[in-house]
Amino acid sequence: MTAIGTPPPPLPVRRKPNGGAQAPADLTSPADLTSPADLTSPTDLTSSAGRPEPAAPVGAVTPAPSPAVPPGLSPMLNRLAAERATGVLLREHGRLYLVDGRIMHAESPETPGLDVLLTMGGLLDTEFWREAVAQAGARRRVGRFLVDSGRVSEGALELCHVGALFDAAYFVLGPSSAPARFRYGAVHWLGPVRPVPVAALERETLRRRALLHRIWPDPATDSAPLVRADAPAEPPVPARQGAVLGQVNGARTAADISRALGRPAFHTLVDLRRLAAAGLVRTAPAAAPPQTSPRRPSIAHGPDGLDGPDGPDASVSALLTEPSADPDVSLLRRLRDALEAL
Amino acid sequence: MANTETALKEALASIEGATGAALVDYTSGMALGTIGGSKSFDLNVAAAGNTDVVRAKLRTMEHLGLKGEIEDILITLSDQYHLIRLLTGRGGNGLFLYLVLDLKRSNLAMARHQLKKIEAELEV
């Protein structure tokens, strides 16, 4: 399989005012979860615009896919991989769960969770998923439970899981304007399925960005409500894109369409950019009502492993995942993202 | 009831002349698992590139109004066969198996048959 042999070299430690770059060893105990000291440096933003710091080389195995690619997606993540950390990385667009410095699971409010992919794909019914979470969630062995029950084959679970993981991670590692935090010791209730090295995840995320850019360089269709464009003679579209096109109604965004179809969100972005390139889809005019859909669907399923929606962290994570309501801020973010993509 | 790794290992072990195999998601172009390959033959690159082959064929069929499904695609080089098999199972929507064969050592009919069997075992 695709194992990455070389661990990333130690990062140049940036001196920060609060000295948060190196976490003290005693924080690895789960008992320290609520200690305020487990917040790693709040200055660790990950958008790499104008960042002078030469981040660690990502994946020495293959060359970077394009010269315009930023050197590292998240210096913090590389550091956690190097120190073989276990816990959860909380970022603006979701979470990455690490065990021994490898990614075990990823969740993002932008993407359908593993439960949606499994149930909508017809592999599992919702009832049984709930039962599995209820029975094995506390032991953090839901994945194992599903396989042992004989309802899902190990291969199918792995494929669905790795698909969901890379899908969520694409959004988690996307441009962000909020500080990232890491909580040592937190473990996801799904349990181990197939861990992914950080270098492989970063490489794939960068490849996906480049892929989208190559199809259609305008990222507007990724997040805005969409309408069908009036093409004089609509060329036939492949069935999978046709299903996406059928969901476009002037209000739904890419994330809404993914959930409705039970497909990975990145796949929807790809299909939408192809449809935009073909002139079949464009963003809804500004006069359309802003999106009102609640954007925190799949994360709240089942016992969360650390804190549910009502846990002590709920307000913070709600704050972290909430899209900004200020139009100026979102405009500036889009502008920054567009400049970074150049 | 194999996992991805065993299924790919089995493909390499049981198919005469096989030198590499990958399980690929053709919307994202990501290889969900690879086995074999070499320094000069990066299966991840092959996976991403061959998604364009699959997509082009699907689009052409759409233009022609053909309703059939693609079972597999064969590409014959002077010294290799590349075999692409689209997975049709319940959850396998949008995946394909990619197999590289040494032309001189392989039996194409047998390889296609084995690939079908491996797909069934993956149960995706």
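The values are calculated or read from the model by the stated rules, or taken from the named source; none is laboratory data. In this text the structure is predicted, and so the values were computed from the model without any measurement. Counting neighbours? That spans all protein chains shown, and the Cβs are built from the backbone with ideal geometry, glycine included.
Yes/no matrix, rows are residues, columns are (1) more than 14 Å from chain B (Cβ to nearest Cβ); (2) within 26 Å of A:Ala210 (Cβ to Cβ); (3) not polar (S, T, N, Q):
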| position | (1), (2), (3) |
| --- | --- |
| A:Glu83 | yes, no, yes |
| A:His93 | yes, yes, yes |
| A:Asp100 | yes, no, yes |
| A:Leu117 | no, yes, yes |
Could you tell me whether region A:134-144 includes any residue that is within 12 Å of chain B (Cβ to nearest Cβ), more than 13 Å from the chain's Cα centre (by Cα) and over 19 Å from A:Leu261 (Cα atoms)? yes
A:Glu158 versus (1) buried (at least 22 other Cβ atoms within 10 Å of the Cβ); (2) away from every other protein chain (no Cβ under 11 Å); (3) within 30 Å of A:Pro75 (Cα to Cα): which is the lone unmet condition? (2)
Of the residues B:Glu62, B:Glu69, which single one is more than 9 Å from chain A (Cβ to nearest Cβ) and without any contact (Cβ under 8 Å) to a residue 40 or more places away in the chain? B:Glu69
For A:Leu98, state whether it is in a loop (DSSP other than H, G, I, E, B) and touching a helix residue (DSSP H, G or I) at 6+ places or on another chain (Cβ under 7 Å). no
For B:Ser14, are the conditions met, namely being hydroxyl-bearing (Ser, Thr, Tyr), over 22 Å from A:Glu154 (Cα atoms) and out of contact with any Cys (no Cβ under 7 Å at 6 or more places or on another chain)? no
Looking at this structure, is B:Gly33 over 19 Å from B:Thr88 (Cα atoms), in contact with a helix residue (DSSP H, G or I) (Cβ under 7 Å, 6 or more places away or on another chain) and in a strand (DSSP E or B)? no
Within region B:40-53, considering residues that are out of contact with any Gly (no Cβ under 6 Å at 6 or more places or on another chain) and at the interface with chain A (Cβ under 10 Å from one of its Cβ atoms), the one surrounded by the most Cβ atoms within 10 Å (Cβ to Cβ): B:Asn44
Restricting the search to region B:59-82, which residues are hydrophobic (A, V, I, L, M, F, W, C) and assigned to a loop (DSSP other than H, G, I, E, B)? B:Leu66, B:Ile70, B:Leu77
Among the residues of region A:167-187, are any under 27 Å from A:Arg333 (Cβ atoms) and among the basic types (Lys, Arg)? yes
What do you reckon, is A:Arg144 of a type in the set (Lys, Arg) and either assigned by TED's automatic domain parsing to the domain that holds A:Gly250 or surrounded by fewer than 21 Cβ atoms within 10 Å (Cβ to Cβ) (or both)? yes
Being closer than 20 Å to A:Ala106 by Cβ, within 13 Å of chain B (Cβ to nearest Cβ) and buried (at least 24 other Cβ atoms within 10 Å of the Cβ), is that true of even one residue in region A:250-260? yes
For region B:100-113, state whether one or more residues are within 26 Å of A:Ala200 (Cβ to Cβ) and surrounded by 13 or more Cβ atoms within 10 Å (Cβ to Cβ). yes
Please determine whether any residue of region A:211-232 is outside any loop (DSSP other than H, G, I, E, B), closer than 30 Å to A:Ala82 by Cα and within 13 Å of another protein chain (Cβ to nearest Cβ). yes
Do we find a residue being at the interface with chain A (Cβ under 7 Å from one of its Cβ atoms), hydrophobic (A, V, I, L, M, F, W, C) and buried (at least 19 other Cβ atoms within 10 Å of the Cβ) anywhere in region B:13-29? no
